[in-house]
Amino acid sequence: MSKRKRPDSNVPSQSMTDQEKILYNLIQSKQGLGIWSRDMKRETNLPDNVVDKSLKSLLGKGLIKDVVNVQFKGRKHYLASEFEPSPEITGGKWYDDQGRLDSEFINFLKDQCLKHIRNLKIATVDMVADAIQRSRVLKRDYSSQEIGEIVRALVLDDHVIEMRSNGVGEFASIPTGRMCYKCSRSLDAAKEPRVGAMASIPCGVCPRIAHCTPGGIISPTTCEYYTKWLDF
Amino acid sequence: MVSPPSQYGIKYAVHIVSSHFGDLVAKVCECLLRRGALTHQNIVRFTEMSASQVKNCLLVLIQQNCVQAFSVEHPGGVGDASRRSTEYMALFDNIIHRMRLPKFVAVVSQELDKECVELFQGLLQHGRLTLEKMIDRAKSGREDCTAQDATRETLFKLVNARFVEHCPDPEPHLSPPSEEGAPARKRTKSSKVAAEPETLEERVLAAAAPMEAKRFLIMFDTATEEDGQKMGDSFLGVGEKRKSDALESDKELGSEGDRVLWRVNVQEFMHRFRHKACVENVRERLDGGAAVALSAMLETSRSMEKKVKTDISVPLSINTIYEEVMKGEAGRAMTLDHLRASLVMLGCERGADESYKIDLKNIIEQAQNEEVESVVLKKYGQNAYRIFRLLSKANRLLETDKISDTAFVDKKETPKILFRLWKDQFLHMEKVVVTGPRQTQFLLWKVNKSTLWPHVLDEMYHAALNLNLRVAYELEKENELLNLPIEKRSGPLEKRYNRIRTVRLLLESSLMKLDDAIMLFHNF
Ligand code: SF4
């Protein structure tokens, strides 16, 4: 994500109209963040049609580009061509060019990480990143930091558990104090994942519990969630 | 500190009392649960029942250990002598325990013989009994003197296992703490009594509890003078002129003259259930070896535990633990090294001389987290689950964007999930406005367990009440069918009969599981 500016001389300023120049300078000053057309109109006080026309012209000349804002789909941000859109706009490296989280790829990466953690039994992030790199299934290399983000998401999924090595027993191969990861027991295919007491009854996950009272309009004796649950 | 029962906690308790002892008793009980401790007179006033009705209801509740009486001194005005009155307090926990009596029986039948189970069940049914009453019960059917010896022996076993204890003082006297105002009940926040038990309930229970030395003491023939004196105190407070009533009620009240009254020692079961919950959690999360190791530690230290909510177990030497491990079938295959590895895996703190202790509070908290997380997963899906776990682990405020990045949830979807969780009270939210060239607003989120846990518990009571009502409804609906002689249940009737049996089984087992969760949040 380079934010370096090209030398000004590279900008063919002579070929721009005054309005284009104003807009271009504004857009360029925003660097990787870019700016939304509505905001440009407000900041420059130029009439709508002039802004629209100038933007089209600048786009045609290849001086600027447009990017979809991840926060507000449908809002196009304009950036000077030399800038890469910043993560605030794109959502960061895990987002595709439509501004959507690339879940499919992330799930693929998660599966890869999980596979290697399972193989290694217990592993640090570096060990996982290394194993992935050596397996050469990915088009590009991923840094330990990136793999770390994925592994920590797996911890949040409770597919992997995080613990600190104490250097003995199963941790023998890992320096004391290092964070390491292993597959959670809930992932064992042989075992049913444990469902909590509340999660296994209708009332525990009922969206209407706050309105449900014995003898009320919504009540345990008339409840359709129960009727469905008890439909043997 | 024990927090007052929640709205649905009270509704559930009242439902239990009403289905066990009828509506009148439930009415008195509800009055006490909602208003706190009251005198007999005031109960009569609030419930608009007759004085004798209220008295009878109180007798039932006291007999069943659901109400505790105590007397307080009211300093008189100028020239007036101070006045004593008797107040009655509902014991919420003991009422809820009624739902888990079958669990108590299961523990006893696992450890002791049939006679013990029988006697124990008798105690559960009657609430409190003297040895004489127990013998009478045993006699019906068998010959006298054998019954007497056998019953003594059985009681001895039960007391020895701490399943049974002396009843508390029927009416302890509560001296009003000096720095507080006249009504002992109204306590100001600023009063500096940190060392004392905090709530009125705790103070009364502490005052009523038999001395530790006497609690499990068996003296079959000799009751002390002092005991007799105390038991002679009247049922109705001095302020009330109902002497004749008072005299006759003495007996029923559970004081039985100079004889010792016994009851089930709930605390022992709570110790055991808490330990079991810890072991099961560890088995699930870590492995069987860790469960065996923890179980051995807890088995050894149980009798040393001072209270149910013990944070850290007492330190035990590796040899002591190993000895206990070897007693169990699962542990016999365990080597000392394996045990050491399991203790490490458990996160035990290792002290000098290779002794180990473990943070039990932490295990309970993990189990609580898992229960709530599993609701979030089922109710709001995998993305919400990750977000909730992130916030729960972080235990501090995090900003929306940061949450989205760390939990890998799309930036557009994250705020929606956060708002849903917040609306349903799973999250706490704070707005931060940053003023600059343009005003920007950030939203910060966090899991606030001090408000969420009571809310979860209240929903658990609500769900338990609903389960109870639904069982009753389903059984009522099929009442005729259930009473049909077996030979008449054929064809479609047979099918319907099997359905209601399955329904009942599912509902009742769900209720027992839910009750475990209630203990996890309330008692452990
Ligand atoms: S009884 Fe039905 S409506 Fe009421 S809380 Fe339970 S599931 Fe919801």
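The values are calculated or read from the model by the stated rules, or taken from the named source; none is laboratory data. Fair warning: this is a prediction, and the values are worked out from it, not measured in the lab. We place every Cβ from the backbone using ideal geometry, glycine too, and count neighbours over all the protein chains shown. Areas reflect the complete protein model, heavy atoms only, side chains present, ligands, DNA and RNA absent. Shrake-Rupley method; radii C 1.70, N 1.55, O 1.52, S 1.80 Å.
Assorted remarks:
- Number of positions in the range A:204-232 that are outside any loop (DSSP other than H, G, I, E, B) and basic (K, R): 1
- Restricted to the range A:199-227, and to residues there that are within 18 Å of B:Y8 (Cα to Cα) and hydroxyl-bearing (S, T, Y), the residue that is nearest to the ligand (Cβ to nearest atom) is A:S219.
- Within the range A:93-129, considering residues that are away from chain B (no Cβ under 14 Å) and in a loop (DSSP other than H, G, I, E, B), the one modelled with the highest pLDDT: A:T124
- Near pairs, Cβ below 8 angstrom, 6+ apart or cross-chain, from the range A:203-232 (over 17 Å from B:K477 (Cα atoms) and open to solvent by 20 Å² or more (accessible area, probe 1.4 Å)) to any residue that is near the ligand (Cβ under 7 Å from one of its atoms) and hydrophobic (A, V, I, L, M, F, W, C): A:R208/A:I218; A:H211/A:I218; A:I218/A:C212; A:Y225/A:C203; A:Y225/A:C206
- Look at (1) in the same structural domain as B:Q41 (by TED's automatic domain parsing); (2) basic (K, R); (3) open to solvent by less than 30 Å² (accessible area, probe 1.4 Å) and you find that B:R128 fails only one, number (1).
- Conditions (1) open to solvent by 40 Å² or more (accessible area, probe 1.4 Å); (2) away from chain B (no Cβ under 11 Å); (3) touching a residue at least 24 places away in the same chain (Cβ under 8 Å); number of the one not met by A:C180: (1)
- Annotation note: Cβ proximity below 7 Å between a residue of the range B:458-469 that is assigned to a helix (DSSP H, G or I) and a residue that is of a type in the set (S, T, Y) and near the ligand (Cβ under 9 Å from one of its atoms) (sequence gap 6+ or interchain) occurs for B:L469/A:T221.
- For the range B:392-414, a residue qualifies if it is part of a helix (DSSP H, G or I), at the interface with another protein chain (Cβ under 10 Å from one of its Cβ atoms) and not polar (S, T, N, Q), and the qualifying residues are B:K393, B:D401, B:D405, B:A407, B:E413.
- Between A:T90, A:T44, the distinction of being open to solvent by 20 Å² or more (accessible area, probe 1.4 Å) and within 14 Å of another protein chain (Cβ to nearest Cβ) belongs to A:T90 only.
- Qualifying residue in the range A:60-70 (condition: open to solvent by less than 90 Å² (accessible area, probe 1.4 Å), in a helix (DSSP H, G or I) and farther than 30 Å from A:E146 by Cβ): yes
- Output for the range B:430-447, where each listed residue is of a type outside the set (K, R) and surrounded by fewer than 16 Cβ atoms within 10 Å (Cβ to Cβ): B:E430, B:V432, B:V433, B:V434, B:T435, B:G436, B:P437, B:Q439, B:T440, B:Q441, B:F442
- A single member of B:N395, B:N281, B:N383 is closer than 22 Å to B:K513 by Cα and out of contact with any Phe, Trp or Tyr (no Cβ under 7 Å at 6 or more places or on another chain), and it is B:N281.
- Evaluation of B:K378 against (1) more than 10 Å from chain A (Cβ to nearest Cβ); (2) out of contact with any strand residue (DSSP E or B) (no Cβ under 8 Å at 6 or more places or on another chain) (one fails), failing number: (1)
- A Cβ distance below 7 Å, combined with a sequence gap of six or more or placement on separate chains, defines the contacts here; from the range B:500-520, residues that are more than 7 Å from chain A (Cβ to nearest Cβ) reach residues that are open to solvent by less than 60 Å² (accessible area, probe 1.4 Å) and not in a helix (DSSP H, G or I) in the pairs B:I500/B:E478.
- Residue check, B:K27 under 27 Å from B:L124 (Cα atoms) and open to solvent by 40 Å² or more (accessible area, probe 1.4 Å): yes
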